[in-house]
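Single-structure report; data block below.
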Amino acid sequence: MAEIRNILLIGNVGNGKSTLANVLTGTNEFEESTNRIHGNSEAKSKEFEHKRIKYRIIDTVGIGDSERTTEEILSKIRDKAEFINEGLNQILFVTNGRFNDLEVKAFGLLNKFIFDNQVADYTTIVCTNFPDFENEEACKEDLQTFRGKIANLSMPLASTATIYVDNPPIKGRYKSISEDSRKASRKVLLERLETCQEVYQPELLAKFIKMIDEFNLIIKDTNKAISNIYNHLDNNIKYLGEFITERENIVEMIENFKEKIKEYMKERYTTSTLSHAALLSGKALTISGIFFPPTLVPGVIISASGLLGVAGSESVAIAKENATYKLFEERLVKDKEKCETLEKSQAELKEYIEELKTIRPRFENSEYKKENIDSKKIEVISNVFNNFLGEEINIDVNLKNEKTEHSTGKKAGLAVLETICLVPPSLISIYFIYRANQEVKSRTSLDDMEKIIKNWGEEFKELEEKKGLLKNEYDKIMLCKEEMAKLLPESER
Ligand SMILES: Nc1nc2c(ncn2[C@@H]2O[C@H](COP(=O)(O)OP(=O)(O)OP(=O)(O)O)[C@@H](O)[C@H]2O)c(=O)[nH]1
Ligand SMILES: [Mg+2]
């Protein structure tokens with residue numbers, strides 16, 4: 001025999017469970033609701049002793065409310081699992097004598113999911129609100145009609161032991177009469193409970209708890225995966241937007257520089273032509289100085305200034321070009337970093353989508369769904385999976401990141417070589433003028449920059465399309481997220 005007898009009170013909202021708990025425990029610790037529609041939201045338990053037998057009265061929140069789903073009804077009882085697991089001595093099914101369909105349905109659900117066929121042996125129906133409860137004949141007569149009525153609703157209930165009580169509220173004009181009535185009710189109840197020695201171990205409860213917990217975990221995991229997908233999609237879209245803008249900025253920057261470089265290329269061509277001309281004529285004067293000495297000094301001066309001009313214009317060109325490249329390359333490095341970040345974020349997004357996919361079979365195979373415990377919740381989750389995972393999800397964005405092959409060193413080396421070649425008297429200057437002319441025409445120094453921004457230009461349309469696709473997925477997941485939030489308790493939304 002258990003040390004303490006657990007007595008579980010169940011029954012319709014407002015049928016007098018809490019009142020009965022007060023009557024039994026001889027306290028007023030259980031809240032007797034005056035509002036019959038919105039009863040206790042919380043239910044507690046209290047121990048007391050009578051004739052050296054310890055009892056624990058476990059009140060529950062009213063069941064059988066037309067608004068309540070199967071799960072709600074069952075989970076009310078599940079909250080008391082700690083005591084139910086210890087074993088129950090008696091379940092007091094509190095009714096006001098007018099059993100309705102919902103009460104019968106609730107009792108049926110309890111049998112199916114928490115208790116088992118044996119439950120009727122451990123249940124006593126307590127009819128409250130029966131002022132004539134001390135009149136044996138009146139009770140018998142009522143019991144007959146009552147059983148006749150419920151026989152076709154629930155056979156186990158029709159054969160369950162039934163007692164009658166009346167626990168009117170202790171207030172107003174009839175206060176003392178009410179107190180007397182409650183005392184007499186208590187006697188009837190305790191006499192009944194004294195005979196209940198056996199402990200009933202509801203075996204289905206553990207299974208039921210597992211089923212509910214499993215399902216709650218599915219909701220939690222689904223919600224987490226959806227939130228992660230939502231956040232990543234949101235980030236990806238914003239990021240891709242910024243990425244596109246940034247590339248557009250680079251393209252604009254290059255376009256501007258292109259103009260500037262064109263300008264200085266022209267200047268460079270002029271300087272280069274003048275310098276080379278000076279150099280050529282200087283050299284000619286120097287050579288004629290052999291035959292006509294007065295031209296020697298001016299010839300050396302003119303060729304030296306020409307040489308300086310060539311070297312100067314070349315080094316300015318290299319420096320300007322170098323500055324442009326540096327800037328471009330810096331932006332390219334940033335662009336590359338962005339590509340990598342987006343790639344990483346996309347990989348994570350894919351992982352979360354895969355995760356969501358793995359939850360789906362868990363949901364489909366769950367006992368909860370098979371037993372259709374809560375059709376509303378099941379529908380919400382089904383819709384979420386169908387809506388988001390229904391079609392192939394296309395989130396891949398392939399970004400190309402190119403490298404430039406600009407080398408300042410090579411150019412500077414060539415320039416030095418050029419200057420050295422110009423020192424001895426020779427006609428090589430003419431070739432260099434020709435080369436400077438060619439460079440102005442082809443602007444080779446901009447070639448690879450132009451190639452990159454051209455490729456990007458072709459990619460922009462594709463990226464915008466991708467952004468649109470991501471946005472579609474985002475809209476879908478947002479709806480799923482909103483739906484899922486409805487399944488979560490207020491505090492976790
Ligand atoms: N006359 C009379 N009134 C009762 C009896 N039992 C309960 N009441 C009244 O019915 C109302 C509801 O009683 P509660 O004990 O709060 O009912 P409950 O089953 O705990 O209700 P919930 O917690 O909402 O499910 C209260 O106003 C009680 O005073 C009874 O046997 N006779
Ligand atoms: Mg109550």
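The values are calculated or read from the model by the stated rules, or taken from the named source; none is laboratory data. Note that the structure is predicted; figures quoted are calculated from it, not measured. Cβ placement follows ideal geometry from the backbone for every residue including glycine, while neighbour counts extend to all protein chains displayed.
Some notes on this structure:
- Those helices (runs of 4 or more DSSP H) of the range 64-180 in which at least 2 residues are crowded, with 22+ Cβ neighbours inside 10 Å and in contact (Cβ under 8 Å) with a residue 24 or more places away in the chain, considering only elements entirely within it, cover 70-78, 101-109.
- Checked against the criterion of being hydrophobic (A, V, I, L, M, F, W, C), farther than 19 Å from LEU9 by Cβ and not in a helix (DSSP H, G or I), the range 190-205 has no qualifying residue.
- Tabulated pairs, the range 11-32, first under 28 Å from ASP101 (Cβ atoms), second of a type in the set (Asp, Glu) and more than 10 Å from ligand 2 (Cβ to nearest atom), C-beta under 6 angstrom, 6+ apart or interchain: ASN12/GLU103; VAL13/ASP65
- Number of residues in the range 7-34 that are within 41 Å of the chain's Cα centre (by Cα), of a type in the set (A, V, I, L, M) and within 10 Å of ligand 2 (Cβ to nearest atom): the value is 2.
- Scanning the range 8-27 for residues that are within 9 Å of ligand 1 (Cβ to nearest atom) and in a strand (DSSP E or B) returns LEU9, GLY11, ASN12.
Table: residues versus (1) modelled with pLDDT of 85 or more; (2) assigned by TED's automatic domain parsing to the domain that holds ALA436; (3) among the hydrophobic types (A, V, I, L, M, F, W, C).
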{"site": "PHE257", "(1), (2), (3)": "no, yes, yes"}
{"site": "GLU263", "(1), (2), (3)": "no, yes, no"}
{"site": "PRO298", "(1), (2), (3)": "yes, yes, no"}
{"site": "THR324", "(1), (2), (3)": "no, yes, no"}
{"site": "LEU332", "(1), (2), (3)": "no, yes, yes"}
{"site": "LYS344", "(1), (2), (3)": "yes, yes, no"}
{"site": "SER366", "(1), (2), (3)": "yes, yes, no"}
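- Candidates in the range 184-206 are the residues that are free of Cβ contacts under 8 Å to residues at least 12 places away in the same chain and either away from ligand 1 (no atom under 16 Å from the Cβ) or acidic (Asp, Glu) (or both); of these, the one that is nearest to ARG78 (Cα to Cα) is THR195.
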